[in-house]
Each structure stands twice: as structure tokens, then as C-alpha cells.
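Take a look at the structure set out below.
The values are calculated or read from the model by the stated rules, or taken from the named source; none is laboratory data. Predicted model only: the values in this text are computed from it and were never measured. Cβ coordinates were reconstructed from backbone atoms using ideal geometry, including for glycine residues, and neighbour counts include every protein chain displayed.
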Amino acid sequence: MPFYCVVLSVDLTYLFEGINEAEMTLKSQIDYTCSQCNRAWLPHRSGLLCPICGRPVPDAEVTGILDEALESARFNKRLYGKYDVEYWLTRRMGDRYLEWGFKALQIAEANAGRAPQAIALSALMEINLEDAADLREHLVDFLSVLVEKFRVAKTAAPDDWEQMPAPEKPFFGRKIIDDV
Ligand SMILES: [Zn+2]
């Protein structure tokens, strides 16, 4: 009888891992709109002007989108072995920045010697910006800085940017069959 209990628990483990893997991503907490023109965009560093109306952005309004993008990208890489994920849902403006950032980091990883700005431009060529096309120049800067920070972080702790080994699921399955 204990044998059947083992089989049942293994099956449940498969099921829950399947559900979790389809949902596990780190989403953005950031939304921001310009107080002068009301355009949604995210200031990623100090000294920026609103890309639409030119309003100088006070330091207090600079968002943490760069750190968020790096953290979420590292999470994806550790779990899925890549930055882009297929089932990315956009709830906040920050989620769109993260998605654009993942594209740039994927290109950066495949082109280690390439200048950050060239990577940003390549990424933007692959992205359909739709209603955010007027943010294009601002996004070249955002993606360039993101690639720079990514390279610094990866050099400092390369292991943090490697995929975690997959659990040995086939082993457990074969083990049960052998026992029979
Ligand atoms: Zn504005």
C-alpha cells in the first residue's frame, strides 16, 4: 500500500510544478505620468526631460525601473534560461519597459562585445512600439543604460545569471517503473 502513496505524491508534484512554471515572473510595480502633459513614461535616471513636453524631471520622480528590469530579467534567466518569456502580461507601464528590456538583454548576451547603444537600436527594430513610438529616443537611452548595468552586474556575479539546474523529473519516473 505505501507504494501507491508514492505514485500519487509524484503525480501531484508534476501538476503543481507545471502550474507554477506557467505563472512565475516578477512584474513591475511602477506607473508614472508626466504632471504637465499627462503622458505615461518612466524616468530611469536623473537629469531627464519629459520626451513629449520637455518638462525637467525632479530627482524625486526618478523611478526604480532599471533595478526592477534587472531583477525581473535575472529571475527569468535563473528559472527559464532566457530573458524573454512568452506569457508576459502587461498591467503597468513598467511591464512594457521590462518586456522591451528583456529583448535588449537577450541581444546583449548574444553579442558580448557590442556597444550598448547599438544593442538598444537593434532591440527597438524588433519591437512594435505601437502607441509608444514617440518614446523611441528616450527608450534608446533607457535600453543602453540597462545593458550597461546588466554587464556590470553579470561581471560581478556571473553565477546569478545562469539557469538553475532542472529537477531530475525523468529519474523519479523511471525509478517507479523499475520498482514495479
Ligand atoms: Zn510631459
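What's the total number of residues in segment 29-47 that are hydrophobic (A, V, I, L, M, F, W, C) and within 12 Å of the ligand (Cβ to nearest atom)?
Here the count works out to 4.
Does any residue of segment 80-87 turn out to be at pLDDT below 95 and part of a helix (DSSP H, G or I)?
Yes, because at least one residue in segment 80-87 is at pLDDT below 95 and part of a helix (DSSP H, G or I).
Looking only at segment 29-67, count how many residues are in a loop (DSSP other than H, G, I, E, B), of a type outside the set (G, A, S) and within 20 Å of the chain's Cα centre (by Cα). Steps first, please.
If we filter segment 29-67 for residues that are in a loop (DSSP other than H, G, I, E, B), which is where we start, we get 29-32, 34-39, 41-48, 50-55, 57-58, 62-64.
Going one step further and asking which of them are of a type outside the set (G, A, S), we end up with 29-32, 34, 36-39, 41-45, 48, 50-53, 55, 57-58, 62-63.
The next check asks that each one be within 20 Å of the chain's Cα centre (by Cα); those that pass are 29-32, 41-45, 62-63.
Of the residues in that region, 11 qualify.
May I ask you to say which residue of L121, L146, L105 is at pLDDT 95 or above, of a type outside the set (V, I, T) and within 17 Å of P43 (Cβ to Cβ)?
Only one candidate qualifies: L146.
Being away from the ligand (no atom under 16 Å from the Cβ), at pLDDT 95 or above and either farther than 24 Å from K154 by Cβ or in contact with a Cys (Cβ under 8 Å, 6 or more places away or on another chain) (or both) narrows it down to one residue among D59, D95, D67; which is it? If you could, list the steps in order and put the result at the bottom.
Details: D95 fails: either farther than 24 Å from K154 by Cβ or in contact with a Cys (Cβ under 8 Å, 6 or more places away or on another chain) (or both); D67 fails: either farther than 24 Å from K154 by Cβ or in contact with a Cys (Cβ under 8 Å, 6 or more places away or on another chain) (or both).
When all the criteria are applied, what remains is D59.
Checking the conditions here, which among L98, L146, L105, L135 is in contact with a Gly (Cβ under 9 Å, 6 or more places away or on another chain) and surrounded by 18 or more Cβ atoms within 10 Å (Cβ to Cβ)? Please lay out each step first, then the result.
On the way: L98 fails: in contact with a Gly (Cβ under 9 Å, 6 or more places away or on another chain); L105 fails: in contact with a Gly (Cβ under 9 Å, 6 or more places away or on another chain); L135 fails: in contact with a Gly (Cβ under 9 Å, 6 or more places away or on another chain).
The unique qualifying residue is L146.
Test of understanding: among R96, R78, which residue is under 21 Å from D31 (Cβ atoms) and basic (K, R)?
Working: R78 fails: under 21 Å from D31 (Cβ atoms).
Result: R96 is the single residue among R96, R78 that is under 21 Å from D31 (Cβ atoms) and basic (K, R).
Got a number for residues in segment 25-55 being small (G, A, S) and closer than 28 Å to E86 by Cα?
Step one: list which residues in segment 25-55 are small (G, A, S), which gives 28, 35, 40, 46-47, 54.
Next, only the ones that are closer than 28 Å to E86 by Cα stay: 28, 40.
Adding up the residues that qualify gives 2.
Answer yes if at least one residue in segment 1-10 is at pLDDT 90 or above and either part of a loop (DSSP other than H, G, I, E, B) or of a type in the set (K, R) (or both), and no otherwise.
To start, the set of residues in segment 1-10 that are at pLDDT 90 or above comprises none.
For segment 1-10, residues at pLDDT 90 or above and either part of a loop (DSSP other than H, G, I, E, B) or of a type in the set (K, R) (or both): absent.
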